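Peer 1: First the structure, then my questions, so here it is.
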Amino acid sequence: MFGWLPLWFEGMPFSFAYQPALHYAVAWTSSIFHLSPAAAYHAVTAFAYSLGPVAVFFLLRRLSGGRTGFSFAGAMLYSLFSPSLLLVPAIARDAAGVFHAQRLHALASYGEGPNVTGLTLVPLALLLVDRWFHSRSRGAFLAAAVAIASVLITSWPSSVALALALICYTASTDVTAFAKSALRMALVSAAAYALACPFVLPSVMWTTFANANAMGASPVRNAKYYWSCALLAVAMIAARAALSRADRAIRFSALWSLLLAWIALGAAYFDISVLPQSVRFHLALEMALIVLVTLIAPRVLRTPALQRGAALALIAFCCFQFLQYRSYARDIIRRVPVAGSIEFRTASWLAANMPAARVFAPGSISFWMNAFTDNPQIIGCCDQSLINPQTRIAGYILFAGQGDEAEDAAISLLWLKAFGASAVIAGGPNSREAYKPYAHPRKFENRLRILWASGDDKIYQVPWRGDPFVRVVRPADVVRHAPVNGIDLEEIRRFVTALDDPSLPVASAMWASPERGVLRASLTPDEVLSVPINWHRGWSAQANGRPVPVSADGLGFLLISPGCSGECEVQLTWSPGKEVPIAIAVSVLTAALLTLLGINKPRVAVDR
């Protein structure tokens, strides 16, 4: 959890990859029940998916004051109906119909395991927050803080959905008690983050926020964006005022629904992203809408006759939807002959023939590669994890290209060598890779040696005269300034030329672990070592037993100045620094304090 992850984007602290709760659950399930990691993942996410409506049931029962029948109806509706398919035609087309299972579609087709799992925990967190607000016991405070923390360590979109819900819950408070409610919410949220912070470090949150706002479907802060935010604020204030006499639970669910609808539907219909990847919040919107409808239902269905009629209609609809969902599930959940897939075959060849070599791979091959091999990649999964913006530039230019095929190939080779790649995977028009992102898919043909081929998919060798993971260069050849785009090549071209200079010595690298390596070369005092691993403040080096400077070059990679004359051994080490132990201490102390305060404390009843 607190080591170095070398597999994606030239390396990063492992904690930057993603929140770990689901992955720990999968690992424990795999170990306890002797399942493969894939089978364990399927079991855990299926369990979380199935518990979603159960969690919604308990939240509804709490918010409705114990109306079990209506709560069960709402949970069934959440289980067997996806309102977003009616609200957003594009989502309905993607799911192939308005009566299909969108939560299941997101889970099975888009790998939304963390988000679906997090959304299962959101109703439980809201239930326990409501319980604490109305009991004020210290035990209830501890339970609410733990529940919020469980969402924080599971999924980013679910964490944002919960944060929006807590804001709306606070806003639904009576005006006279708003200040106290806001303070209580701030206290329980701070306690929750203190518990979760070793797994959601401040540096991770900041990096993820910065990257999310630089990815596709991120907010474009133009006049339309600011008008949307202003109108949203006005709508929320107006809705709160209009619902001032409504039950607090209805006020809360209405405000939460309005906020999520503005975010998700504004992006879907008007292309205004208030938050990064706004459309992804349609799953949270489904929950909020069904909670709202369920809480309003008793006020509409006031007579037994109306309630019986609604119950019969719901039963008939659920029977219809059960058949629809079962058919849809059988259609999208199928056994896949993994061994014959291009993703598995390329990864298996690399694992057998080029273990530990860095690779540039496209689309679905890149996405699945590290499920089958430990080869590091120039890119990889989930670019909210990026700690080096140059990786985004490299990925873009390698796919999008520049100029004609020959120019594109030459530029691509410069970036591949600068980033320490030993191989590149590319396919022609008939490639079995899903996305086909190359502008010039055949640009490496007759220019690089083919190592392996299957139909129109090929692995090409990037030529090297030494170890790609440690390069000896002169200080004058180092990339000093960060390229502003993929064709800002003056310093990169000089640097790559130096990599092929036979007058410079060849170095070697031996890695005991991703955090510890030994670099060896025969150097002169004016020669430096370039290591294509992302610089991070946790890296340190010793040359022949003495500390030496480690800095970042213009590409964001490690630059070591050993100052050696003759044989040189550099011990390269990474540690997470002070942030991790401080976060662990904060979490342990918070847990101990809350546990001590929560033991045997009397409950204080508060009117709803």
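Derivation of every value follows stated rules applied to the coordinates shown; laboratory data play no part. No experiment lies behind these values; they were computed from the predicted model shown. No Cβ is skipped: glycine too gets one built from the backbone with ideal geometry, and neighbour counts run over all protein chains shown.
Peer 1: Fewest first, what order do HIS440, HIS134 take by the number of other Cβ atoms within 10 Å?
Peer 2: Final ranking by Cβ density, sparse to dense: HIS134, HIS440.
Peer 1: Given 0.36 nm per residue, what is the gain on full extension from ASP374 to ALA406 after removing their alpha carbon distance, in nm?
Peer 2: Here the answer is 8.4 nm.
Peer 1: Right, another one. Give the label of the value calculated from the structure for semi-axes √(5λ) of the Cα gyration tensor in Å, choosing from (1) 46, 36, 22; (2) 76, 28, 23; (3) 50, 29, 22.
Peer 2: Matching the structure shown: (3).
Peer 1: Oh, and also: Express in nm, to one decimal, how much length is gained between PHE270 and MET205 on full extension, taking 0.36 nm for each residue of separation and deducting their alpha carbon distance.
Peer 2: 20.6 nm
Peer 1: A further question on this structure: Within the range 45-71, find all residues whose amide N lies under 19 Å from a label point positioned 7 Å from the Cα of ARG299 along Cα-to-beta-carbon.
Peer 2: 60-71, by backbone N distance to the label point.
Peer 1: Where Rh is the Kirkwood radius over the Cα pairs of the range 338-461, the temperature 20 °C and the viscosity 1.002 mPa s, what D in µm²/s does Stokes-Einstein return?
Peer 2: My calculation gives 149 µm²/s for D.
Peer 1: Helix 490-499 versus the longest principal axis of the chain: what is the Cα-based angle in degrees, 0 to 90, to the nearest 10?
Peer 2: Approximately 60 degrees, to the nearest ten.
Peer 1: Counting other Cβ atoms within 10 Å, which trypsin sites (Lys or Arg not before Pro) in the range 515-592 have at most 11 and lie in a DSSP loop?
Peer 2: Passing both the DSSP loop test and the Cβ count: LYS578.
Peer 1: Please work out how many pairs of lysine residues in the chain are eight or more positions apart (or on different chains) and have Cα atoms closer than 20 angstrom.
Peer 2: Taking the Cα cut-off of 20 Å, the pair count is 4.
Peer 1: Assigning unit charges at the beta carbon (Lys, Arg +1; Asp, Glu -1) and nothing else, what dipole magnitude in debye, to the nearest 20, does the range 338-461 show about its Cα centre?
Peer 2: 200
Peer 1: On to the next question. Would you calculate the separation in nanometres between label points at ARG494 and ASN353, each defined as 7 Å from the Cα along the Cα-to-beta-carbon direction?
Peer 2: Result for the modelled spin labels: 3.8 nm.
Peer 1: Follow-up question, since we're still on this one. Would you calculate the separation in nanometres between label points at HIS34 and VAL484, each defined as 7 Å from the Cα along the Cα-to-beta-carbon direction?
Peer 2: 6.2
Peer 1: Plugging the Kirkwood radius over Cα pairs into Stokes-Einstein for the range 107-229, at a temperature of 25 °C and a viscosity of 0.890 mPa s, what D comes out in µm²/s?
Peer 2: Estimated diffusion coefficient is 155 µm²/s.
Peer 1: Something else about it: Which angle from 0 to 90°, rounded to the nearest 10, does the C-alpha axis of helix 342-353 make with the longest principal axis of the chain?
Peer 2: Once rounded, the angle reads 40 degrees.
Peer 1: On a 0 to 90° scale, report how tilted helix 248-270 is relative to the longest principal axis of the chain, with both axes built from alpha carbons and the result rounded to the nearest 10.
Peer 2: With rounding to tens, the tilt is 40 degrees.
Peer 1: Quick one: if you stick a label point 7 Å off each Cα along the C-beta vector at CYS382 and ALA552, how many nm between them?
Peer 2: The modelled label-to-label distance comes out at 2.2 nm.
Peer 1: Next question. Kindly list the residues of the range 442-462 that lie in the label zone of ASN430, defined by a backbone N under 14 Å from the point 7 Å along the Cα-to-C-beta vector.
Peer 2: Inside the label zone: 454-458.
Peer 1: Sticking with this one: For the range 439-453, just list the computed ³J(HN,Hα) in residue order, Karplus coefficients 6.51, -1.76 and 1.60, θ = phi - 60°, integers in Hz, with x standing in for Gly and Pro.
Peer 2: Residue by residue, the range 439-453 yields 5, 10, x, 9, 5, 8, 5, 6, 10, 10, 6, 7, 8, 7, 8 Hz.
Peer 1: With a cut-off of 8 Å between alpha carbons and a minimum separation of six or more residues, what is the relative contact order of the range 338-461 in percent?
Peer 2: 26
Peer 1: When the chain is fully extended, how far beyond the present Cα-Cα distance does LEU596 get from TYR225, taking 0.36 nm per residue of separation?
Peer 2: So the chain would gain 128.9 nm between LEU596 and TYR225.
Peer 1: Which Cα, out of ILE333, TRP464, PRO83, lies furthest along the positive dipole direction of the chain (beta carbon charges, K/R +1, D/E -1)?
Peer 2: Going by the charge dipole, the pick is PRO83.
Peer 1: Now, a different point. Please report, in debye to the nearest 20, how large the charge dipole of the chain is about its Cα centre when each Lys and Arg carries +1 at its beta carbon and each Asp and Glu carries -1 there.
Peer 2: Here the chain has a charge dipole of around 2780 debye.
Peer 1: OK, next. Okay, helix-only estimate at 222 nm for the chain: each DSSP H run of n ≥ 4 adds -39500 (n - 2.57), divide by all residues, round to 500 deg cm²/dmol; what do you get?
Peer 2: It lands at -17500 deg cm²/dmol.
Peer 1: Assuming R0 = 25 Å, what is the FRET efficiency of LEU86 and SER50, from their Cβ-Cβ distance, to the nearest 0.05?
Peer 2: Step by step, r from the Cβ atoms, then E = 0.60.
Peer 1: Given a Förster radius of 41 Å and the C-beta distance between ALA27 and ARG245 as r, what FRET efficiency does 1/(1 + (r/R0)^6) yield to the nearest 0.05?
Peer 2: 0.20
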